[in-house]
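Each value in this text was obtained by applying a stated rule to the coordinates, not by laboratory testing. The shown structure was predicted, so the numbers you read here are calculated from the model rather than taken from an experiment. All Cβ positions, glycine included, derive from the backbone under ideal geometry; neighbour counts span all protein chains shown.
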Amino acid sequence: LIDVHAHLGHKDVFSTEFLDGIRRSVCAALPPADRTLAVEQTLRRIVDARMRDASGDGLVRAMDDAGVEQAVLLIIDFFHGQEGGEERLALIHTMHGALVRRHKGRLRAFAGVDPRRGDAGVAFLRRALTEHGCRGLKLYPPCGFELDDARLWPLFALCREHGVPVLTHTGPSLPTMAVEERFPGSLAAAAKAFPEVDFILAHALLGAFNTHLELARALPNVHLEISGFQTEGFGGSHLAARLGACFDTIPRQVMYGSDWPLFNFQISPKRWLEHLARLREGTRVDDERWEFFAQRNAARVLR
Ligand SMILES: [Zn+2]
């Protein structure tokens, strides 16, 4: 099993506002009667405790527990336009390079670069791919850019040169972040301009799922990743139907992702994967399609 969407559970790799936003959104998802100060303080302790995994050992333990062989750590560039931001981003990449070496064969990392960094960002990505051992690019448009930003083109060209994929966030983010206006046209333009580059849409089975499915059907280099469904809990009904639609129409372009540790405060990856296995029984997906979903599609895209 390969998890194409994880993050290092450490406070230094996220912005303070983002961590606060996570606490607030977990709290907002609770029934009003449960949103007490005591509950909020407990959540703060849980989130803080989950954000101390500088070694990646906590993630690898959770992977062992859930039967996940390999996970991709995605770096997000939250720091464009901040004083000392590039230095901080460089430190985060160095940290990830060390983690990938420490957990050889278990973890890999995608660089995070905001296209508004321009030429400096291109140089940054080149170093991330050649010196820090990153094997892909993670984009987070809610930081304030669109996927057809011309400044992304040289970054995509570098990905093509290195034979590595691009994974982009889709859908809403925390309320404090920007909303994309040109998606899905922006993504389609990028995927058409760079047919040799694989584009993975994160959280693709949530939100505008039908739009994502259409994109993947039209463009063979567009892939859908399923994380985020944990927010529906075990009782959600959309996941089985949407997974079924993917298995029917794009069985070679759908893959597993957990978004560790962000969606796993209430539901562990182990319990989530057990839930997926139960759903699988309901959809009567054959072993071959399941294997492509769980491993082979990701392995092909990650090379
Ligand atoms: Zn994520």
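Among the helices of the chain, those built from whole DSSP H runs whose Cα atoms reach 24 Å or more along their own axis and whose mean Kyte-Doolittle hydropathy is at least -1.0 are 85-102.
Considering only Cα atoms, the convex hull volume of the chain works out to 122 Å³ per residue. Averaging Cα coordinates gives a centre for region 78-135 and one for region 1-75; these two points are 21 Å apart. Simple rule: put +1 on each Lys or Arg Cβ and -1 on each Asp or Glu Cβ in region 110-189, find the dipole, and look at VAL164, GLY118, PRO154; the Cα lying farthest toward the positive end is VAL164. Between the amide H of ALA71 and those of ASP3, LEU107, ARG108, distances stay under 5 Å, these residues lying 5 or more places away or on another chain, with hydrogens modeled in the peptide plane.
The helix-based estimate of mean residue ellipticity at 222 nm for the chain, built from -39,500 (n - 2.57) per DSSP H run of four or more residues and divided by its residue count, is -13500 deg cm²/dmol to the nearest 500. Put a plus charge on the Cβ of each Lys and Arg, a minus charge on the Cβ of each Asp and Glu, and nothing anywhere else: the dipole of region 238-303 about its Cα centre is then about 140 debye. Springs between alpha-carbon pairs under 10 angstrom, Gaussian network model over the chain: which of HIS275, HIS203, HIS223 fluctuates most? So, out of HIS275, HIS203, HIS223, the one fluctuating most is HIS275.
Put in line by how crowded their Cβ is, counting other Cβ atoms within 10 Å and starting with the fewest, ASP148, ASP57, ASP287 read ASP287, ASP57, ASP148.
A simple count of charges around VAL166, restricted to other residues whose Cβ falls under 9 Å of its Cβ and scoring Lys, Arg +1 and Asp, Glu -1, yields 0. Highest GNM mean-square fluctuation among LEU139, LEU147, LEU43, for the chain modelled with Cα contacts below 10 Å: LEU43. Working from label points 7 Å from Cα in the Cα-to-Cβ sense, the LEU174 to ASP148 distance is 3.0 nm. Using a cutoff of 8 angstrom between alpha carbon atoms and counting only pairs six or more residues apart, the relative contact order for the chain works out to 19 percent. In a reduced charge model with +1 at each Lys and Arg Cβ and -1 at each Asp and Glu Cβ, region 44-123 shows a dipole moment near 260 debye about its Cα centre. Take every Cα pair under 8 Å whose residues are at least 6 apart in sequence, average their separation, divide by the length of region 169-241, and the relative contact order is 31 percent. Magnitude of the charge dipole for the chain, about its Cα centre and with charges confined to Cβ atoms of Lys, Arg (+1) and Asp, Glu (-1), is about 500 debye. From the Kirkwood radius over Cα pairs of region 54-121, Stokes-Einstein at 25 °C and 0.890 mPa s returns a whole-number translational diffusion coefficient of 188 µm²/s. Pick out, from SER268, THR249, GLY236, the residue whose Cα sits farthest towards the positive end of the charge dipole of the chain, with +1 on the Cβ of Lys and Arg and -1 on the Cβ of Asp and Glu. Of the candidates, SER268 comes out farthest on the positive side.
For the residues LEU89, LEU74, LEU219, a GNM of the chain with alpha-carbon springs under 10 Å puts the largest fluctuation on LEU219.
In terms of other Cβ atoms within 10 Å, THR36, THR231 run from fewest to most in the order THR36, THR231. Using a cutoff of 8 angstrom between alpha carbon atoms and counting only pairs six or more residues apart, the relative contact order for region 206-303 works out to 31 percent.
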